[in-house]
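Visitor: Provided herewith is a single structure, encoded as structure tokens, for subsequent inquiry.
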Amino acid sequence: MPVVTISDLSWGGEGIGRIEGKVVFIPFSLPGEVVEVEIGQSKKNYSQGELVRILEPSPDRVEPPCSFYRECGGCQLQHLALQRQVQEKERLFKQTLEHALKPQKVLVLPPLQSPGVFGYRHRLQLKTSWKNKQFCLGFFRPKSHNLVPLDCCLLANDPSNEVLKVLPEKMRDLQLKKWAPDIELQVHEMPRRGGIVFTSPKGLDPSQKKRITKELLPIHGINYLLFKESDCLPLTGEHPFFFEKESPEYWLPASETGLPKDLRLTCFPLVFTQVNLELNRRLIARLLSLNLFDRQDTVLDLYCGLGNFSLPVAMKAQEVVGIEAFPPAVTNARWNGKINQISNCTFIQARVEEGLNLLKWSAKPVSWIILDPPRTGALEVIPMLDAWNIKGILYISCDPMTLVRDLTQLVKRGWGVEWTQPVDFFPQTFHLESITFLTK
């Protein structure tokens, strides 16, 4: 078998080496290591290898604590010491930006690090299947649709793991053969509220939904069970559930964020929330510590979701307008504004491009724009930002690749990158978010 020296890490967390000059990607290997590999897929410009044996280990290698690691596709970096994980992600982030934006120099600030490196997730997306007439629940193996059954996840918080311990067995007992839904599990620490949304192209009759509800609703930490057929809304359920009063919630304490009062944000089922709530509070505190917004400013929050950034900023600015396409998120954001008695924050339900066109025709003056797009980025929106004479943009990205693509276009349109800062929302994985400040 080939022996390879690992020279670098890829953005996917795989080690990079060469065999006869051809790049080979090897999961679970680290820079500086000499490893024995088995070649799997071989493409024109690269090969995909499988780690067989480590001949010379890196001093940064650690024993992964998770018994499912290397099987489950959720984590990629548990074998790398924690501080080195942050350093490697920061190095790759800086290297990617410098390459994309040269000759412009980019100031990369030290990363915002997660207070917790395990147990930080309150929300999990789970897959299910039937295998040998047994119901299985877990995550897919890396780069496959083969399920790894599990009853715990080290990234999940304790309340979520308490549910995971009993959920597979209870689902097996129901004996709903061939019904294999996707499951969104959300359980918050305090107050102890959470629930499950089942998504499946195969519908269930009311009697089956009642059986599931009767069996699962008594699980501690679960106070809703909702059903969704494929991509169709609305959600349905067999138990009364009041979104506004019974959804999970999280707090943005004044003592941690610098806000004039605590904020309480409710999270409706299926509406996006940051899974790492502790670091989310630190990110909001960082955004507000910039002291950019005052009572003369109107701020646009694009892709605003449930108001995670809109509502804190509204307590500093004259007015905030949030634009969001997903209708339940807009309903959620409006409710959060109401319960926190914030009246200077307006939420528009529309695709961001459509919402911007509406505002342009209203001739509303805008001072700042917060961009928090999904992983696909905001390429279509960027040309539309020229319609306003704004002071600056805060771009909150969840994908470095689409970030550098979008920053390249913004720089071409006259924007300068003042600084950027990695935000390590997902320890043990290769995923990295960031906040970037741009001015003209």
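What follows draws every value from the coordinates through simple rules; no lab data is involved. All values reported here derive from a predicted model rather than from experimental measurement. Every residue, glycine among them, receives a Cβ derived from its backbone with ideal geometry; neighbour counts consider all protein chains shown.
Visitor: Provide the convex hull volume over Cα atoms per residue for segment 244-316, in Å³.
Guide: Details: hull volume 7.0 nm³, N = 73.
Normalising the Cα hull of segment 244-316 by residue number yields 96 Å³.
Visitor: Cα centroid distance between segment 361-394 and segment 337-358, in Å?
Guide: The two parts, judged by their Cα centres, are 14 Å apart.
Visitor: Counting Lys and Arg as +1 and Asp and Glu as -1, each charge on the Cβ, what is the dipole of the chain about the Cα centre in debye, to the nearest 20?
Guide: Details: 52 positive and 48 negative charges, 124 e Å.
Taking the Cα centre of the chain as origin, the dipole is about 600 debye.
Visitor: Direction-averaged shadow area of the convex hull around the Cα atoms of segment 276-439, nm²? List each step's numbers first, then the result.
Guide: On the way: hull surface 36.5 nm².
With every direction weighted equally, the projected area is 9.1 nm².
Visitor: Could you work out the pair-distance distribution P(r) of segment 357-424 from its alpha-carbon pairs, with 10 angstrom bin width and percents rounded to whole numbers?
Guide: Cα pair-distance distribution for segment 357-424, in percent: 19, 54, 25, 3.
Visitor: Just how large is the dipole of segment 123-246 about the Cα centre, in debye to the nearest 20, putting +1 at every Lys and Arg Cβ and -1 at every Asp and Glu Cβ? Kindly include the intermediate steps, with their values, before the conclusion.
Guide: Details: 20 positive and 15 negative charges, 104 e Å.
In total the dipole reaches around 500 debye.
Visitor: Once you have the Cα-Cα distance between D173 and A387, take 0.36 nm times their residue separation minus that, and quote the gain in nm to one decimal. Present the calculation step by step, with values, prior to reporting the outcome.
Guide: Working: separation 214, 0.36 × 214 = 77.04 nm, distance 5.86 nm.
Net length gain for the segment: 71.2 nm.
Visitor: So for the chain, averaging the separation of alpha carbon pairs under 8 Å that are six or more residues apart and normalising by length, what relative contact order in percent results?
Guide: Values: 920 pairs, mean separation 54.8, N = 440.
Result for the chain is 12 percent.
Visitor: I would also like to ask the following. Arranged from highest to lowest average of other beta-carbon atoms within 10 Å per residue, in what order do the peptides 144-152, 82-90 appear?
Guide: Details: 144-152: 14.9, 82-90: 18.8.
By packing density, highest mean first, the sequence is 82-90, 144-152.
Visitor: Taking the mean number of other Cβ atoms within 10 Å as a proxy for protection, how do you rank 384-396, 323-335 from highest to lowest? Don't skip to the answer; put the middle values down first.
Guide: Working: 384-396: 17.5, 323-335: 20.9.
Taking the mean over residues of other Cβ atoms within 10 Å, the ranking is 323-335, 384-396.
Visitor: With a cut-off of 8 Å between alpha carbons and a minimum separation of six or more residues, what is the relative contact order of segment 198-329 in percent? Walk me through the numbers on the way to the answer.
Guide: Working: 170 pairs, mean separation 21.7, N = 132.
Answer for segment 198-329 is 16 percent.
Visitor: Work out the P(r) tail for segment 1-98: percent of alpha carbon pairs separated by more than 16 Å, whole number.
Guide: On the way: 2638 of 4753 pairs.
Considering segment 1-98, 56 percent of its Cα-Cα pairs are separated by more than 16 Å.
Visitor: Starting from the eigenvalues of the Cα gyration tensor, five times each then square-rooted, give me the equivalent ellipsoid semi-axes of segment 116-204, largest first, whole Å. Working shown, then result.
Guide: On the way: eigenvalues 101, 46, 27 Å².
In descending order, the three semi-axes are 22, 15, 12 Å.
Visitor: To the nearest 20 Debye, how big is the dipole of segment 364-420 about its Cα centre, given +1 on the beta carbon of each Lys and Arg and -1 on that of each Asp and Glu?
Guide: Working: 6 positive and 6 negative charges, 24 e Å.
Dipole of segment 364-420, to the nearest 20 debye: 120 debye.
Visitor: Report the relative contact order of segment 276-439, percent, no decimals, based on alpha-carbon pairs under 8 angstrom and at least 6 residues apart. Present the calculation step by step, with values, prior to reporting the outcome.
Guide: On the way: 293 pairs, mean separation 30.0, N = 164.
Once normalised by length, the contact order is 18 percent.
Visitor: Once the Cα atoms of the chain are picked out, what are the Rg and Dmax in Å?
Guide: 23.2, 67
Visitor: Could you tell me the center-to-center distance, by alpha carbons, between segment 91-126 and segment 4-28 in angstrom?
Guide: With segment 91-126 and segment 4-28 each reduced to a Cα centre, they are spaced 21 Å.
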